[in-house]
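One structure is given here, and the rest of the page talks about it.
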Amino acid sequence: MTRSYRRFTAVPLAFDQTVAWRGRDAVQAELHAAAARLDRENAMVAVDCYTGLHDDEVLALVREAFRPVHVELTTAAMKSSEVVDALVQRDLTDDPVFGFLTSLQLTDFFDADKLGAARRRIAAGCAGLTLVYGPGATLMCDPDLLIYADMPRWEHQLRYRRNEVGNLGVSNLTLKGSLKYKRGYFVDWRVCDRHKKRQMDRWDYLLDTTVVGDPKLVTGDALRQGLRHLTRRPFSLMPVFDPGPWGGQWLRETCGLDGDAPNYAWCFNCIVEENSLLLQFNDVPIEIPAINLVFYQPRQLLGEAVHGRFGDEFPIRFDFLDTMGGGNLSLQVHPITEYIQEKFGIHYTQDESYYLMEAAPGAKLYLGLKEGVDPEAMMRDLQHAQDNGAPFDADRYAASWPIKKHDHALIPGGTVHSSGKDCMVLEIAATTYIFTFKLWDWGRLGLDGNPRPIHLEHGAANIAWECQEAVVQKQLLNQFQLVAEGDGWREERTGLHEREFIETRRHWFTKPVEHNSGGGVNVLCLIEGQAALVTSPTDAFEPFEIRYAETFIVPATVGRYVIRPLVEQADTPLATMKGYVRT
């Protein structure tokens, strides 16, 4: 089968007038013109920023555009690095991976006296334009013109790894990339998101500097109009790919990836917290964090019931785990609900499932435990392996199962599990951050040459010891049920477990099949077949093409939609996997 996976699917947004600009000269010309349109000479311009920008590049761009007579940098009014480090330590903890989701606000990072002095200087005015630049610029002033400079999280992570940026309010450029990421994850992103979403309605422009040397600008009105448009049609996010110590080669081949990475272990294709949206304003592509849509249109995107339960969080994630030609994932367990609430401040846990897109002959999954397992013996052997570098006999304790294409394994929190080598997994899961407790990593090193962190204490507190082979067979493996069928299609329930809030439905079809968002957001992946077309029975949105292995989102407000084969062939069924929140 010919594969035609698309990595960069932009949402087209047509406007009669120019609303977006690309390139340094064009962006500066528009900003200069916007300043010239302001009513007063001593105008106030704020460039409020997400963390992770190349500040020298962005500040030089806006300085040249506005030619201010006075500049205030918000970083100059922040607390010292030492004070900020102490401020965030409780949330960071001493663990190298896990922290506590902070409740801090951006104002907590500012020195009250310095902030007050800056406000007084700005309020006193000057004979010309004042530019306030940096995270929290609107905390210093009420601007006449507000530009927001955003930063997608994947690019931010790459900048951490390359030691190009440090964390919010501190000078830690050379800190290990994984520790900067952890701090960004548990502190910086939460703080900046709280500030950002309160001002989205005020933005005059959004500045996109994701690609170095290729700045792009869009008006706030056009951006908001585009986000509203997205809630009325299907759309895809920009996938990201990353190598790992167990990674395989299926993603490279199927998704047409190049580069010198030794493998691709992960594809984040629908993790709204991590992925970007690519919006095409006439001929200008603007990349923004996908989470912005959830912040700006939560009820329209998620639906009333889902929004009422989860707030402005997107609770479903789809991603790929590739071990084809690679190795086993770590033997691992995710927290049970009360543990993640108590230890990490999160109100729902990382329940998940593994749907097999592909599996080589002899492939297997570890799922649950052997009958009659001795918990003390298992934890003792795991600790011995961790302390002494000795091998751990996973097959003595963990139940393993032969696996094949289109099998589905359900993995509620507390279930010991691992994908074996030569599997291609579509992981359908609750979007609950990074709480994977590794029990055993097969004695290997990470790509950085160091052992990956093992979390036996967390793991031991969460293992569902009763989840043994009989329970797995009865409740967790291939729990398929025929739900409905019609001319050229059938619908099957494949999960998830009753402890999990996500419902999954598989549709096989050779002819058009109608779906309904049911008042809640749907996430779907084409798991079999070359290509399909998603259409509206009332022509409410333009036809949307989806290709093999691509994932897409259907907002709650869409209601009825139809998925049909791009080319109908009676003897070649296509299949989609759909996830939605069970209500």
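The values are calculated or read from the model by the stated rules, or taken from the named source; none is laboratory data. Note that the structure is predicted; figures quoted are calculated from it, not measured. Don't worry about glycine lacking a Cβ; one is built from the backbone with ideal geometry, like all the others, and counts go over all protein chains shown. The protein model used for the area step is the full one, side chains on, heavy atoms only, and it has no ligands, DNA or RNA in it. Shrake-Rupley method; radii C 1.70, N 1.55, O 1.52, S 1.80 Å.
At a 1.4 Å probe, what is the % contribution of carbon and sulfur to the accessible area of segment 180-233?
Carbon and sulfur atoms account for 44 percent of the accessible area of segment 180-233.
In whole angstrom, note down how far apart the Cα centers of segment 440-473 and segment 50-76 are.
46
Mind checking the full-extension length gain between residue 33 and residue 214? Use 0.36 nm per residue of separation minus the Cα-Cα distance, one decimal, nm.
The span from residue 33 to residue 214 would gain 63.2 nm if fully extended.
So which chymotrypsin sites (Phe, Trp or Tyr not before Pro) in segment 541-583 pass both tests, a DSSP loop state and at most 13 other Cβ atoms within 10 Å of the Cβ?
Passing sites in segment 541-583 do not exist.
Using a/c under 1.5 as the rounded threshold, could you call segment 318-397 rounded, prolate or oblate? The axes a ≥ b ≥ c are square roots of the C-alpha gyration tensor eigenvalues, and prolate needs a/b larger than b/c, oblate otherwise.
Note, shape of segment 318-397 comes out oblate.
Please compute the Kirkwood hydrodynamic radius over segment 278-318, one decimal place, Å, based on all pairs of different Cα atoms.
The Cα-based Kirkwood calculation yields 11.3 Å.
Let me have the 222 nm mean residue ellipticity of the chain computed from DSSP H runs of 4+ only, each contributing -39500 (n - 2.57), with the sum over all residues rounded to the nearest 500.
About -7000 deg cm²/dmol.
Out of the total accessible area of segment 1-97 (probe 1.4 Å, heavy atoms of protein only), what percent is carbon and sulfur?
Here it works out to 49 percent.
How many percent of the alpha carbon pairs in segment 375-466 exceed a separation of 17 Å?
In whole percent, the long-distance tail amounts to 58.
Answer rounded, prolate or oblate for segment 1-82, using the Cα gyration tensor with square roots of eigenvalues a ≥ b ≥ c: rounded when a/c is under 1.5, else prolate when a/b is larger than b/c, else oblate.
Judged from the Cα gyration tensor, segment 1-82 comes out oblate (a/c at least 1.5, b/c at or above a/b).
Could you give the distance between the Cα centres of segment 513-534 and segment 376-415, to the whole Å?
Rounded to whole Å, the Cα centres lie 34 Å apart.
In whole Hz and in residue order, list the ³J(HN,Hα) couplings for segment 487-493 that follow from phi through the Karplus curve 6.51 cos²θ - 1.76 cosθ + 1.60, θ = phi - 60°; x for Gly and Pro.
Taking θ as phi minus 60°, the curve returns 5, x, 7, 8, 10, 10, 7 Hz for segment 487-493.
Identify the GluC sites (Glu not before Pro) of segment 407-488 meeting these criteria: DSSP loop state and at most 11 other C-beta atoms within 10 Å of the C-beta.
Sparse-neighbourhood loop GluC sites (Glu not before Pro): 466.
Just flag the chymotrypsin sites (Phe, Trp or Tyr not before Pro) in segment 267-322 sitting in loop per DSSP whose Cβ has no more than 14 other Cβ atoms within 10 Å.
Nothing satisfies the criteria.
Mind running the shape call on segment 489-582? Use the C-alpha gyration tensor, a ≥ b ≥ c as the square roots of the eigenvalues: rounded below 1.5 for a/c, prolate if a/b tops b/c, oblate otherwise.
oblate
Among 367, 127, 523, which residue has its Cα positioned farthest towards the positive end of the charge dipole of the chain, with +1 placed on the Cβ of Lys and Arg, -1 on the Cβ of Asp and Glu, and the dipole taken about the Cα centre?
Going by the charge dipole, the pick is 127.
Using alpha-carbon pairs under 8 Å, 6+ residues apart, how would you state the relative contact order of segment 342-441 in percent?
52
Sequence neighbours fewer than 8 away in the same chain don't count; with that in mind, list the lysines whose C-alpha is under 24 Å from residue 196.
Partners within reach: 79, 114, 180, 182, 216.
Hey, got the dipole for segment 297-409? About the Cα centre, +1 on K and R Cβ, -1 on D and E Cβ, debye to the nearest 20?
260
Under a point-charge model restricted to the Cβ atoms of Lys and Arg (+1) and Asp and Glu (-1), what is the dipole moment magnitude of the chain relative to its Cα centre, in debye to the nearest 20?
Around 520 debye, computed over the chain.
Mean separation of Cα pairs under 8 Å and 6+ residues apart, divided by the residue count of segment 146-235: what relative contact order is that in percent?
With pairs under 8 Å counted, the relative contact order is 30 percent.
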